[in-house]
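A short write-up of the structure that comes next.
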Ligand code: FAD
């Protein structure tokens, strides 16, 4: 017999986890311990709302029945080397999962990716951090695995209805991610583990007859009689195509410009921008875990999630990275963009998070109306240029102590930071557009009241956090096809259909399912 039960385990009990789960299960089910043949953890979360921290477990208790071998997931991939092709532009989570799904469905994915493979990409990341040089095809957003590779690898998604989240998690485990992600309430892979998972996905695609071409930027489309007929590549080659999944992400500005120029309908999209705030991790731990010294080693680096309405506008934390690093996420020279990532152990001494302000594309961007569907993109670009010039025309990012920003004075010095290219003291309070600066200041004040100790001079804010989602959306019909262009399937975050690794992966699967119909 198998019984599913919930258990609450204290911090002291957690240190003897297996034993604790055993005796607690026996007690709750009112059976002798000896009858329990095994316990499988189904879900684990931490309840730190009160000083007495509790671990919540959902477990399956096996009674007089053997515990099955740890499950190994299988996906039914077929040899598609001679099958009909589907062209996929972009090899981020959306493109990768579109390709895998094509193989399951018996079609041959041909992936075209502007960036390099994960290994070679590392050198370009080093160049951004050390030489302040941005390779415009290979950086923190572009390259194998997309923006998801050198990321935090947080796998939460709010889009539970948009597809089978569990299927994606199982597939990540199949490709080498820890099976802990199937259990944790806030699953996380970590930037040190993601490249291997991404590489394994590529190897599966190749093994079953798909193709993945790196350093192959798509530069143009041929559209005849409202049908996509060919795509042009950076090397001058032209490929005849029938079905194209466009999964180029939120930073592929050249694709947005191209679509606009070709009068393919795109729309300005509301999005959010702001700064990244960085605290010493121990401050966040002491607030969240109610402790004065170091946190217990049984507890992970603490995270937070904050939101506040300021004059009817949302100000909220975004992509919070406990024990992480702030990284330079620009995709072109002449701009500064920050984002966050963390290793699997989340053991760096800093906690960072985007704190961003909602920008309404219809109401807030009247000065940019001339840019039509590209108005939010141009606004985003201007802010990134401002960060570049005020930081000193390199990848050095403009920064200010949190308290100085809110109180409106230049910081005489800054706190240590994890941001490798370096930071420079700048009066962000007066430099940021009023819409963003004022809302952030009010937002930070309220966050300081919600989390005592959060509003501290030991924190820096670093600018700018501008790539939270796409500033453009690409419309599609119920069949997931562009309404004007037969055979073109806008997909993932760049189309406005995802916000994060998991939702992008799920959208990739859905687009593959749509693109193969009738082929
Ligand atoms: P992308 O991942 O952006 O992939 C698009 C791909 O298309 C890129 O590889 C790009 O090189 C390629 N491409 C673009 N233009 C062309 C072209 N013309 N020709 C050929 N190829 C092209 N999300 C989370 O859920 N959790 C996190 O912890 C997290 N942390 C992040 C940390 C950082 C530093 C960054 C930058 C992002 C993070 N994100 C995180 C966001 C997440 O990575 C994205 O939501 C996700 O990758 C979007 O997937 P996508 O496939 O739609 O697009």
In region 477-486, is there at least one residue being on the phi > 0 side of the Ramachandran plot, in the same structural domain as residue 392 (by TED's automatic domain parsing) and modelled with pLDDT of 95 or more? no
Qualifying position, being within 13 Å of the ligand (Cβ to nearest atom) and crowded, with 24+ Cβ neighbours inside 10 Å, among 500, 508: 508
Would region 405-419 turn up any residue that is closer than 23 Å to residue 323 by Cβ, buried (at least 16 other Cβ atoms within 10 Å of the Cβ), more than 27 Å from the chain's Cα centre (by Cα) and not assigned by TED's automatic domain parsing to the domain that holds residue 251? yes
Among the residues of region 146-155, which ones are part of a loop (DSSP other than H, G, I, E, B) and within 7 Å of the ligand (Cβ to nearest atom)? 150, 151, 152, 153, 155
Can you tell me how many residues within region 290-333 are within 21 Å of residue 271 (Cα to Cα) and away from the ligand (no atom under 16 Å from the Cβ)? 10
Which one of these is in contact (Cβ under 8 Å) with a residue 12 or more places away in the chain, assigned by TED's automatic domain parsing to the domain that holds residue 338, closer than 21 Å to residue 462 by Cα and not in a helix (DSSP H, G or I): 278, 294? 278
Could you please let me know if residue 215 is within 12 Å of the ligand (Cβ to nearest atom) and in contact (Cβ under 8 Å) with a residue 24 or more places away in the chain? yes
Which of (1) more than 15 Å from the ligand (Cβ to nearest atom); (2) surrounded by fewer than 20 Cβ atoms within 10 Å (Cβ to Cβ) is the odd one out, the single condition residue 238 does not satisfy? (1)
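Results for (1) surrounded by 13 or more Cβ atoms within 10 Å (Cβ to Cβ); (2) out of contact with any strand residue (DSSP E or B) (no Cβ under 9 Å at 6 or more places or on another chain); (3) not assigned by TED's automatic domain parsing to the domain that holds residue 150, shown as yes or no for each residue.
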residue: 74; (1), (2), (3): no, yes, yes
residue: 78; (1), (2), (3): yes, yes, yes
residue: 89; (1), (2), (3): yes, no, no
residue: 94; (1), (2), (3): yes, no, no
residue: 97; (1), (2), (3): yes, yes, no
residue: 102; (1), (2), (3): yes, no, no
residue: 109; (1), (2), (3): yes, no, no
residue: 113; (1), (2), (3): yes, no, no
residue: 117; (1), (2), (3): yes, no, no
Taking into account only those residues within region 337-350 that are within 14 Å of the ligand (Cβ to nearest atom) and crowded, with 24+ Cβ neighbours inside 10 Å, which is farthest from the chain's Cα centre (by Cα)? 337
Return the residues of region 270-295 that are surrounded by fewer than 20 Cβ atoms within 10 Å (Cβ to Cβ) and under 30 Å from residue 476 (Cβ atoms); say none if nothing qualifies. 270
Can you tell me which residue within region 300-314, out of those that are in a loop (DSSP other than H, G, I, E, B) and more than 23 Å from the chain's Cα centre (by Cα), is nearest to residue 488 (Cα to Cα)? 312
Any hit, region 439-451, residues being in a loop (DSSP other than H, G, I, E, B), closer than 16 Å to residue 273 by Cβ, modelled with pLDDT of 95 or more and touching a strand residue (DSSP E or B) at 6+ places or on another chain (Cβ under 9 Å): no
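The values are calculated or read from the model by the stated rules, or taken from the named source; none is laboratory data. Treat the numbers as computed from the prediction; the structure is a model and nothing was measured. Note: ideal-geometry Cβ built from the backbone for every residue, glycine included; neighbour counts use all protein chains shown.
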